[in-house]
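Report on the structure given below.
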Amino acid sequence: MMSKKIVLITGGAKGIGLAAAKKLSSKEMKVIINTHTPLEEKEAKELEKQGIISNGFEGDVSNENDAKRIVENIINMYGHIDVLINNAGITKDKLIFRMSLDEFEDVLKVNLIGTFNMTKLVIKCMQKQRSGNIINISSISGLHGNIGQGNYSASKAGIVGLTKTTAKEGAIRGIRCNAIAPGMIDTDMVHKMSEQRQNEFINQIPLGRFGKPEEIADTISYLIENNYITGQVITVDGGLTI
Ligand SMILES: NC(=O)c1ccc[n+]([C@@H]2O[C@H](COP(=O)([O-])OP(=O)(O)OC[C@H]3O[C@@H](n4cnc5c(N)ncnc54)[C@H](O)[C@@H]3O)[C@@H](O)[C@H]2O)c1
């Protein structure tokens, strides 16, 4: 019998990461979520009942030592990592002329450097296995830009370049890497925007609603299953960027 696929999802406590964790554990994969800060004991136990492990994998993906500890813990406990989903992300929206260097750097650190840190460490394990699959969560903001998101769109565009390079470097060793560019998805990240701005977006979306985190989780699941897709960016945005 083949052993279960080991999946690591960064920033998996809520939103898209949590929806992906639930979807993949229902597909008989062993799902480990990294959370920025430890979950409440009750919450961690509840997730464990659903086959989602969080204890021991807390940390900041932009911190190299945290990233090392998370990956080492997985290898010590399970021996391999089959799928990495670089999902952790933040926004600090402001128009560029009002944005401080700190605000620019903070977003680059978590979104882009966090993705680099985790990819670098996990790809070493995947190279030894001669197989693996990395899925990076980018954004339509990284493909098309978005007012107020100079830092965020730069970080998400960087993820696209990193994805394509990872795909080119990894292919010879059986490693695939793709990105998903979600549009407006119904999570805390979008709820942070004013109601007026949310409604403005809904009016521009041809399908007339925000996406559900589960719809991004479905795309992640598809990218894991299809062995012939690599180096691609899949937009999932209800038609917003048509
Ligand atoms: N919601 C959207 O409309 C949307 C659109 C495009 C892309 N995305 C991307 O999807 C991903 C998930 O976002 P979401 O919508 O679920 O938002 P969310 O705010 O619900 O989730 C983000 C997660 O990242 C974690 N995180 C933040 N900083 C971290 C760090 N330094 N180390 C580890 N974890 C950290 C948070 O704790 C949280 O669990 C992000 O990369 C985001 O940029 C979201």
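Looking at the stretch 135-180 only, could you name the residues that are of a type in the set (S, T, N, Q) and either touching a residue at least 12 places away in the same chain (Cβ under 8 Å) or closer than 23 Å to residue 213 by Cβ (or both)? Residues satisfying the conditions are 136, 138, 139, 141, 146, 149, 151, 153, 155, 163, 166, 178. Go through (1) over 26 Å from residue 105 (Cβ atoms); (2) part of a helix (DSSP H, G or I); (3) touching a residue at least 40 places away in the same chain (Cβ under 8 Å); (4) hydrophobic (A, V, I, L, M, F, W, C) for residue 47 and report which single condition fails. Here residue 47 clears every test but (3). Restricted to the stretch 163-242, the set of helices (runs of 4 or more DSSP H) holding at least 2 residues that are of a type in the set (Asp, Glu) and over 21 Å from residue 121 (Cβ atoms) comprises 195-204, 213-225.
Checking the condition near the ligand (Cβ under 10 Å from one of its atoms), among the aliphatic types (A, V, I, L, M) and not in a helix (DSSP H, G or I), which residue from 61, 31, 110 passes? Working first, answer last.
Values: 31 fails: near the ligand (Cβ under 10 Å from one of its atoms); 110 fails: not in a helix (DSSP H, G or I).
Going through 61, 31, 110 in turn, the sole match is 61.
Can you tell me which residue in the stretch 95-138 is nearest to residue 175 (Cα to Cα), limited to those that are aromatic (Phe, Trp, Tyr) and touching a helix residue (DSSP H, G or I) at 6+ places or on another chain (Cβ under 8 Å)?
Of the stretch 95-138, the ones aromatic (Phe, Trp, Tyr) are 97, 104, 116.
The next check asks that each one be touching a helix residue (DSSP H, G or I) at 6+ places or on another chain (Cβ under 8 Å); those that pass are 104, 116.
Working: 104: 31, 116: 16 Å.
The selected residue is 116.
Table: residues versus (1) away from the ligand (no atom under 12 Å from the Cβ); (2) among the hydroxyl-bearing types (Ser, Thr, Tyr); (3) surrounded by fewer than 21 Cβ atoms within 10 Å (Cβ to Cβ); (4) at pLDDT 95 or above.
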{"position": "130", "(1), (2), (3), (4)": "yes, no, yes, yes"}
{"position": "171", "(1), (2), (3), (4)": "yes, no, yes, yes"}
{"position": "175", "(1), (2), (3), (4)": "yes, no, no, yes"}
{"position": "201", "(1), (2), (3), (4)": "no, no, yes, no"}
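Against the list (1) surrounded by fewer than 20 Cβ atoms within 10 Å (Cβ to Cβ); (2) in contact with an Asp or Glu (Cβ under 9 Å, 6 or more places away or on another chain); (3) more than 27 Å from residue 99 (Cβ to Cβ), the condition residue 192 fails is (3). Within the stretch 199-216, residues that are of a type in the set (Phe, Trp, Tyr) sit with their Cβ atoms under 9 Å from residues that are within 11 Å of the ligand (Cβ to nearest atom) and in a helix (DSSP H, G or I), at 6+ positions apart or across chains, in these pairs: 201/190; 210/190; 210/198; 210/201. For the stretch 14-46, a residue qualifies if it is over 20 Å from residue 215 (Cα atoms) and among the hydroxyl-bearing types (Ser, Thr, Tyr), and the qualifying residues are 35, 37.
The values are calculated or read from the model by the stated rules, or taken from the named source; none is laboratory data. Note that this is a predicted model, so its numbers are computed, not measured. Cβ atoms come from the backbone with ideal geometry, glycine included; neighbour counts cover every protein chain shown.
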